[in-house]
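Have a look at the structure below, then the notes.
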Amino acid sequence: MSGASEPFSDPEQKIFPFSPMEAPGHRSPQTPSLARPLPERRSALRRLWVPLFFSSHLVFTAVFIGLRPEHVLICALVLALWFGNDKSRLFLKTALPFWIFGACFDALRLIPDAWKPGIHVADLYRAEKLLFGLDLNGVRVTPSEYLSAHPAPVLDLAAGLFYLTYLLVFFAFFAYLFRRDLAMASRLSRCFLLLNLAGIITFQVFPAAPPWYVTYFGLGPADPATPPHPAGMLRFDDLLGLPIAQSLYSNSPDVFGALPSLHVANPVLLFLFARRLGRSWALSSLAYALGVAFSAVYLNHHYVLDILAGALYAGLAYCLIPARPQAAVRALRPAKRRPRLVLALSRRRDERRGQRIRL
(Lines give C-alpha, C1' and ligand atoms only; values in the text may rest on other atoms or scores of the structure.)
Protein backbone atom coordinates (compact mmCIF):
# COMPACT_ATOMS: atom_id res chain seq x y z
CA MET A 1 0.00 0.00 0.00
CA SER A 2 1.59 3.24 -1.17
CA GLY A 3 1.98 6.21 1.14
CA ALA A 4 1.44 4.16 4.31
CA SER A 5 4.51 3.92 6.51
CA GLU A 6 5.19 0.49 7.93
CA PRO A 7 6.03 0.21 11.60
CA PHE A 8 9.29 -1.68 10.83
CA SER A 9 10.79 -0.15 7.72
CA ASP A 10 14.29 -1.52 8.48
CA PRO A 11 14.47 -5.26 7.73
CA GLU A 12 17.15 -5.74 10.43
CA GLN A 13 14.82 -4.25 13.01
CA LYS A 14 12.10 -6.69 11.96
CA ILE A 15 14.44 -9.55 12.71
CA PHE A 16 16.06 -7.97 15.79
CA PRO A 17 13.43 -5.77 17.47
CA PHE A 18 15.78 -5.31 20.51
CA SER A 19 19.32 -4.17 20.63
CA PRO A 20 21.75 -6.54 22.38
CA MET A 21 21.91 -4.16 25.34
CA GLU A 22 18.11 -4.04 25.57
CA ALA A 23 17.39 -7.70 25.09
CA PRO A 24 15.40 -9.42 27.85
CA GLY A 25 17.61 -11.09 30.41
CA HIS A 26 20.63 -8.93 29.60
CA ARG A 27 22.06 -7.10 32.59
CA SER A 28 23.30 -3.69 31.80
CA PRO A 29 26.57 -2.71 33.43
CA GLN A 30 26.04 -0.87 36.69
CA THR A 31 27.96 2.10 37.84
CA PRO A 32 30.31 1.30 40.72
CA SER A 33 28.85 2.04 44.12
CA LEU A 34 30.58 4.42 46.44
CA ALA A 35 29.67 2.20 49.46
CA ARG A 36 32.17 -0.35 50.67
CA PRO A 37 31.45 -3.85 49.32
CA LEU A 38 29.95 -6.32 51.77
CA PRO A 39 32.95 -8.71 51.83
CA GLU A 40 35.21 -5.83 52.82
CA ARG A 41 32.84 -4.88 55.63
CA ARG A 42 32.82 -8.46 56.91
CA SER A 43 36.60 -8.57 56.72
CA ALA A 44 36.81 -5.34 58.74
CA LEU A 45 34.44 -6.76 61.37
CA ARG A 46 36.54 -9.93 61.62
CA ARG A 47 39.61 -7.81 62.25
CA LEU A 48 37.98 -5.58 64.85
CA TRP A 49 35.67 -7.82 66.86
CA VAL A 50 38.46 -9.13 69.13
CA PRO A 51 39.81 -5.66 70.09
CA LEU A 52 36.26 -4.39 70.62
CA PHE A 53 35.25 -7.40 72.73
CA PHE A 54 38.31 -7.38 74.99
CA SER A 55 38.23 -3.61 75.37
CA SER A 56 34.56 -3.82 76.38
CA HIS A 57 35.37 -6.51 78.92
CA LEU A 58 38.13 -4.32 80.32
CA VAL A 59 35.63 -1.48 80.80
CA PHE A 60 33.14 -3.90 82.40
CA THR A 61 35.83 -5.11 84.81
CA ALA A 62 36.82 -1.57 85.72
CA VAL A 63 33.21 -0.61 86.49
CA PHE A 64 31.86 -3.69 88.27
CA ILE A 65 34.87 -5.62 89.65
CA GLY A 66 37.81 -3.28 89.90
CA LEU A 67 40.72 -2.95 87.52
CA ARG A 68 44.02 -4.52 88.48
CA PRO A 69 47.38 -4.42 86.65
CA GLU A 70 47.00 -8.01 85.41
CA HIS A 71 43.76 -7.08 83.62
CA VAL A 72 45.53 -4.39 81.57
CA LEU A 73 48.52 -6.66 80.93
CA ILE A 74 46.37 -9.53 79.63
CA CYS A 75 44.36 -7.19 77.40
CA ALA A 76 47.57 -5.73 75.95
CA LEU A 77 48.93 -9.22 75.31
CA VAL A 78 45.71 -10.25 73.54
CA LEU A 79 45.82 -7.19 71.26
CA ALA A 80 49.50 -7.80 70.47
CA LEU A 81 48.76 -11.39 69.46
CA TRP A 82 45.72 -10.39 67.41
CA PHE A 83 47.52 -7.69 65.43
CA GLY A 84 50.64 -9.84 65.00
CA ASN A 85 50.53 -12.43 62.24
CA ASP A 86 48.46 -15.44 61.27
CA LYS A 87 50.30 -17.76 63.66
CA SER A 88 49.90 -15.43 66.63
CA ARG A 89 46.17 -15.11 65.90
CA LEU A 90 45.89 -18.90 65.74
CA PHE A 91 47.66 -19.14 69.10
CA LEU A 92 45.20 -16.63 70.57
CA LYS A 93 42.19 -18.58 69.28
CA THR A 94 43.56 -21.87 70.60
CA ALA A 95 44.37 -20.34 74.01
CA LEU A 96 41.02 -18.54 74.33
CA PRO A 97 39.61 -21.14 76.83
CA PHE A 98 42.23 -20.01 79.36
CA TRP A 99 40.96 -16.44 79.20
CA ILE A 100 37.32 -17.57 79.39
CA PHE A 101 37.98 -19.43 82.62
CA GLY A 102 39.93 -16.52 84.08
CA ALA A 103 37.10 -14.10 83.30
CA CYS A 104 34.50 -16.44 84.82
CA PHE A 105 36.59 -17.03 87.95
CA ASP A 106 37.14 -13.29 88.38
CA ALA A 107 33.39 -12.70 88.00
CA LEU A 108 32.67 -14.85 91.06
CA ARG A 109 33.14 -11.66 93.07
CA LEU A 110 29.79 -10.47 91.70
CA ILE A 111 27.85 -13.36 93.30
CA PRO A 112 26.34 -12.25 96.64
CA ASP A 113 27.18 -14.40 99.65
CA ALA A 114 23.47 -14.68 100.46
CA TRP A 115 22.93 -16.70 97.26
CA LYS A 116 25.32 -19.47 98.32
CA PRO A 117 24.05 -22.55 100.19
CA GLY A 118 25.37 -23.69 103.55
CA ILE A 119 29.15 -24.08 103.76
CA HIS A 120 30.43 -27.58 104.56
CA VAL A 121 32.96 -27.53 107.40
CA ALA A 122 32.51 -30.19 110.10
CA ASP A 123 31.22 -32.96 107.81
CA LEU A 124 34.30 -32.83 105.55
CA TYR A 125 36.67 -32.60 108.51
CA ARG A 126 35.15 -35.66 110.19
CA ALA A 127 35.07 -37.65 106.96
CA GLU A 128 38.76 -36.84 106.35
CA LYS A 129 39.69 -37.89 109.86
CA LEU A 130 37.68 -41.11 109.56
CA LEU A 131 39.10 -42.16 106.18
CA PHE A 132 42.67 -40.85 106.30
CA GLY A 133 43.30 -39.94 109.96
CA LEU A 134 46.76 -40.26 111.49
CA ASP A 135 47.89 -40.58 115.11
CA LEU A 136 49.58 -37.52 116.63
CA ASN A 137 50.52 -37.93 120.32
CA GLY A 138 47.61 -40.29 120.88
CA VAL A 139 45.09 -38.08 119.09
CA ARG A 140 43.61 -38.89 115.65
CA VAL A 141 44.13 -35.93 113.33
CA THR A 142 43.77 -35.21 109.63
CA PRO A 143 46.81 -35.51 107.31
CA SER A 144 46.97 -31.73 106.91
CA GLU A 145 47.05 -31.28 110.70
CA TYR A 146 49.76 -33.92 111.02
CA LEU A 147 51.98 -32.33 108.34
CA SER A 148 51.39 -28.83 109.72
CA ALA A 149 52.75 -30.06 113.05
CA HIS A 150 55.99 -31.22 111.37
CA PRO A 151 57.14 -28.31 109.15
CA ALA A 152 60.60 -28.10 107.59
CA PRO A 153 62.17 -25.17 105.72
CA VAL A 154 63.11 -27.38 102.75
CA LEU A 155 59.56 -28.63 102.46
CA ASP A 156 58.20 -25.09 102.87
CA LEU A 157 60.27 -23.87 99.93
CA ALA A 158 59.51 -26.84 97.66
CA ALA A 159 55.80 -26.88 98.50
CA GLY A 160 55.49 -23.14 97.93
CA LEU A 161 57.12 -23.42 94.48
CA PHE A 162 54.92 -26.37 93.51
CA TYR A 163 51.76 -24.63 94.69
CA LEU A 164 52.43 -21.25 93.07
CA THR A 165 53.62 -22.45 89.66
CA TYR A 166 50.96 -24.98 88.67
CA LEU A 167 49.22 -22.64 86.20
CA LEU A 168 52.51 -21.36 84.76
CA VAL A 169 53.70 -24.93 84.16
CA PHE A 170 50.37 -25.87 82.61
CA PHE A 171 50.39 -22.92 80.19
CA ALA A 172 54.05 -23.53 79.28
CA PHE A 173 53.13 -27.13 78.40
CA PHE A 174 50.24 -25.84 76.29
CA ALA A 175 52.60 -23.49 74.40
CA TYR A 176 54.96 -26.40 73.75
CA LEU A 177 52.09 -28.53 72.43
CA PHE A 178 50.98 -25.68 70.17
CA ARG A 179 54.33 -25.84 68.39
CA ARG A 180 54.47 -29.63 68.32
CA ASP A 181 50.87 -30.86 67.90
CA LEU A 182 48.08 -28.35 67.27
CA ALA A 183 45.33 -30.96 67.63
CA MET A 184 46.63 -31.98 71.05
CA ALA A 185 47.01 -28.37 72.19
CA SER A 186 43.46 -27.55 71.10
CA ARG A 187 42.08 -30.52 73.01
CA LEU A 188 44.15 -29.60 76.09
CA SER A 189 42.74 -26.07 76.20
CA ARG A 190 39.16 -27.32 75.82
CA CYS A 191 39.67 -29.92 78.55
CA PHE A 192 41.11 -27.19 80.77
CA LEU A 193 37.99 -25.06 80.26
CA LEU A 194 35.58 -27.91 80.99
CA LEU A 195 37.52 -29.03 84.07
CA ASN A 196 37.80 -25.61 85.66
CA LEU A 197 34.25 -24.48 84.85
CA ALA A 198 32.98 -27.70 86.43
CA GLY A 199 35.12 -26.88 89.44
CA ILE A 200 33.81 -23.36 89.98
CA ILE A 201 30.22 -24.54 89.48
CA THR A 202 30.84 -27.13 92.21
CA PHE A 203 32.19 -24.36 94.44
CA GLN A 204 28.85 -22.56 94.18
CA VAL A 205 26.66 -25.64 94.62
CA PHE A 206 28.78 -27.32 97.31
CA PRO A 207 30.92 -24.70 99.08
CA ALA A 208 33.57 -26.42 101.17
CA ALA A 209 35.85 -24.93 103.81
CA PRO A 210 39.58 -25.62 103.48
CA PRO A 211 41.49 -27.19 106.40
CA TRP A 212 42.98 -23.88 107.48
CA TYR A 213 39.47 -22.62 108.27
CA VAL A 214 39.10 -25.31 110.95
CA THR A 215 42.57 -24.44 112.27
CA TYR A 216 41.77 -20.74 112.72
CA PHE A 217 37.97 -20.61 113.16
CA GLY A 218 36.80 -24.05 114.30
CA LEU A 219 34.14 -26.37 112.90
CA GLY A 220 31.59 -23.71 112.08
CA PRO A 221 29.10 -22.65 111.13
CA ALA A 222 31.24 -20.78 108.61
CA ASP A 223 31.04 -17.09 107.93
CA PRO A 224 30.69 -16.45 104.14
CA ALA A 225 32.49 -13.11 104.54
CA THR A 226 35.69 -14.74 105.83
CA PRO A 227 38.70 -13.22 104.05
CA PRO A 228 41.17 -15.49 102.23
CA HIS A 229 44.18 -16.76 104.10
CA PRO A 230 47.54 -18.11 102.78
CA ALA A 231 47.78 -20.65 105.64
CA GLY A 232 51.04 -22.62 105.36
CA MET A 233 52.21 -20.39 102.52
CA LEU A 234 53.10 -17.81 105.18
CA ARG A 235 56.17 -19.94 105.94
CA PHE A 236 57.16 -19.67 102.27
CA ASP A 237 56.87 -15.87 102.46
CA ASP A 238 58.99 -15.83 105.61
CA LEU A 239 61.73 -17.84 103.90
CA LEU A 240 61.90 -15.45 100.93
CA GLY A 241 61.22 -12.30 102.93
CA LEU A 242 58.56 -11.30 100.40
CA PRO A 243 54.74 -11.24 100.80
CA ILE A 244 54.16 -13.23 97.60
CA ALA A 245 51.49 -15.60 98.89
CA GLN A 246 49.78 -12.89 100.95
CA SER A 247 49.38 -10.61 97.93
CA LEU A 248 48.14 -13.43 95.70
CA TYR A 249 45.63 -14.84 98.16
CA SER A 250 44.30 -11.43 99.10
CA ASN A 251 42.76 -11.27 95.59
CA SER A 252 41.12 -14.69 95.73
CA PRO A 253 37.41 -14.38 94.79
CA ASP A 254 36.24 -17.61 96.45
CA VAL A 255 37.41 -18.70 99.90
CA PHE A 256 35.20 -21.78 100.15
CA GLY A 257 36.27 -23.48 96.92
CA ALA A 258 38.24 -26.39 98.34
CA LEU A 259 36.38 -29.33 96.79
CA PRO A 260 37.57 -30.30 94.20
CA SER A 261 41.17 -29.10 94.35
CA LEU A 262 41.85 -27.37 91.03
CA HIS A 263 45.47 -27.00 92.13
CA VAL A 264 45.73 -30.77 91.77
CA ALA A 265 43.21 -31.30 88.97
CA ASN A 266 45.18 -29.26 86.43
CA PRO A 267 48.54 -31.05 86.95
CA VAL A 268 46.71 -34.38 86.71
CA LEU A 269 45.18 -33.25 83.40
CA LEU A 270 48.68 -32.22 82.26
CA PHE A 271 49.93 -35.73 83.13
CA LEU A 272 47.14 -37.38 81.10
CA PHE A 273 48.32 -35.50 78.01
CA ALA A 274 52.07 -35.59 78.69
CA ARG A 275 52.15 -39.38 79.07
CA ARG A 276 51.38 -39.63 75.34
CA LEU A 277 54.67 -37.88 74.51
CA GLY A 278 56.94 -40.55 75.95
CA ARG A 279 58.16 -42.18 79.14
CA SER A 280 60.24 -39.22 80.35
CA TRP A 281 57.30 -36.84 79.91
CA ALA A 282 55.01 -39.26 81.77
CA LEU A 283 57.35 -39.68 84.75
CA SER A 284 58.21 -35.98 85.10
CA SER A 285 54.59 -34.82 84.81
CA LEU A 286 53.43 -37.48 87.27
CA ALA A 287 56.11 -36.39 89.73
CA TYR A 288 54.98 -32.79 89.37
CA ALA A 289 51.33 -33.71 89.95
CA LEU A 290 52.26 -35.69 93.08
CA GLY A 291 54.37 -32.77 94.28
CA VAL A 292 51.44 -30.36 93.94
CA ALA A 293 49.13 -32.84 95.69
CA PHE A 294 51.53 -33.19 98.64
CA SER A 295 51.95 -29.41 98.80
CA ALA A 296 48.20 -28.85 98.92
CA VAL A 297 47.91 -31.03 102.02
CA TYR A 298 51.20 -29.94 103.61
CA LEU A 299 50.33 -26.24 103.33
CA ASN A 300 46.92 -26.88 105.00
CA HIS A 301 44.94 -25.81 101.91
CA HIS A 302 43.22 -29.08 100.99
CA TYR A 303 42.08 -32.39 102.39
CA VAL A 304 42.95 -35.69 100.74
CA LEU A 305 39.26 -35.83 99.75
CA ASP A 306 39.77 -32.63 97.76
CA ILE A 307 42.82 -34.18 96.04
CA LEU A 308 40.91 -37.28 94.99
CA ALA A 309 37.96 -35.22 93.75
CA GLY A 310 40.30 -33.04 91.67
CA ALA A 311 41.92 -36.10 90.06
CA LEU A 312 38.46 -37.50 89.29
CA TYR A 313 37.36 -34.25 87.64
CA ALA A 314 40.54 -34.22 85.53
CA GLY A 315 39.92 -37.77 84.33
CA LEU A 316 36.32 -36.99 83.43
CA ALA A 317 37.29 -33.86 81.50
CA TYR A 318 39.92 -35.83 79.59
CA CYS A 319 37.38 -38.52 78.64
CA LEU A 320 34.55 -36.14 77.74
CA ILE A 321 36.47 -33.93 75.29
CA PRO A 322 37.37 -35.89 72.16
CA ALA A 323 40.24 -35.05 69.83
CA ARG A 324 39.35 -33.04 66.74
CA PRO A 325 39.62 -34.74 63.33
CA GLN A 326 42.84 -33.97 61.49
CA ALA A 327 40.92 -32.25 58.69
CA ALA A 328 39.40 -29.80 61.18
CA VAL A 329 42.82 -29.09 62.66
CA ARG A 330 44.36 -28.47 59.23
CA ALA A 331 41.54 -26.01 58.51
CA LEU A 332 42.59 -24.01 61.58
CA ARG A 333 46.11 -23.49 60.32
CA PRO A 334 46.73 -20.31 58.32
CA ALA A 335 47.34 -20.84 54.63
CA LYS A 336 51.01 -20.70 53.72
CA ARG A 337 51.73 -17.74 51.51
CA ARG A 338 54.00 -18.41 48.55
CA PRO A 339 56.89 -16.00 47.95
CA ARG A 340 56.34 -13.30 45.34
CA LEU A 341 59.10 -14.65 43.07
CA VAL A 342 57.51 -18.11 43.05
CA LEU A 343 54.12 -16.59 42.27
CA ALA A 344 55.56 -14.54 39.40
CA LEU A 345 57.31 -17.57 37.88
CA SER A 346 54.16 -19.69 38.22
CA ARG A 347 52.07 -16.97 36.55
CA ARG A 348 54.59 -16.68 33.68
CA ARG A 349 54.57 -20.44 33.17
CA ASP A 350 50.77 -20.50 33.01
CA GLU A 351 50.81 -17.69 30.43
CA ARG A 352 53.23 -19.62 28.22
CA ARG A 353 51.10 -22.72 28.42
CA GLY A 354 48.07 -20.67 27.39
CA GLN A 355 49.97 -19.27 24.38
CA ARG A 356 50.98 -22.74 23.21
CA ILE A 357 47.43 -23.97 23.52
CA ARG A 358 46.12 -21.06 21.44
CA LEU A 359 48.76 -21.72 18.73
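The values are calculated or read from the model by the stated rules, or taken from the named source; none is laboratory data. Just so it is clear, the structure is predicted and the values come from calculations on it, not from any experiment. So basically every Cβ, Gly included, is an ideal-geometry build from the backbone, and we count neighbours across all protein chains shown.
Before moving on, here are some points about what is shown:
- Taking helices (runs of 4 or more DSSP H) as the structural unit, no element lying wholly within the range 127-207 holds at least 2 residues that are under 24 Å from LEU234 (Cα atoms) and among the basic types (Lys, Arg).
- Count of residues meeting criterion [at positive phi and touching a Gly at 6+ places or on another chain (Cβ under 8 Å)] in the range 273-325: 1
- Boolean, ASP123 is in the same structural domain as ARG190 (by TED's automatic domain parsing), assigned to a helix (DSSP H, G or I) and either under 19 Å from ALA209 (Cβ atoms) or at pLDDT 90 or above (or both): yes
- Residue, nearest to the chain's Cα centre (by Cα), within the range 67-100, restricted to residues that are assigned to a helix (DSSP H, G or I) and polar (S, T, N, Q): THR94
- Selected residue [on the phi > 0 side of the Ramachandran plot and loosely packed, with under 15 Cβ neighbours inside 10 Å] from ASN137, ASN85: ASN137
- Across the range 106-134, the qualifying residues are those that are among the aromatic types (Phe, Trp, Tyr) and either touching a Gly at 6+ places or on another chain (Cβ under 9 Å) or more than 30 Å from LEU58 (Cβ to Cβ) (or both), and the one among them that is surrounded by the most Cβ atoms within 10 Å (Cβ to Cβ) is TYR125.
- Residues of the range 226-255 that are aromatic (Phe, Trp, Tyr) and either surrounded by fewer than 13 Cβ atoms within 10 Å (Cβ to Cβ) or out of contact with any Leu (no Cβ under 9 Å at 6 or more places or on another chain) (or both): TYR249 alone.
- Evaluating ARG275 against the criteria (1) without any contact (Cβ under 8 Å) to a residue 12 or more places away in the chain; (2) of a type outside the set (A, V, I, L, M); (3) crowded, with 21+ Cβ neighbours inside 10 Å leaves one unmet condition, (3).
- Members of the range 181-217 found to be free of Cβ contacts under 8 Å to residues at least 40 places away in the same chain and either closer than 19 Å to SER285 by Cβ or not assigned by TED's automatic domain parsing to the domain that holds PRO230 (or both), listed by number: ASP181
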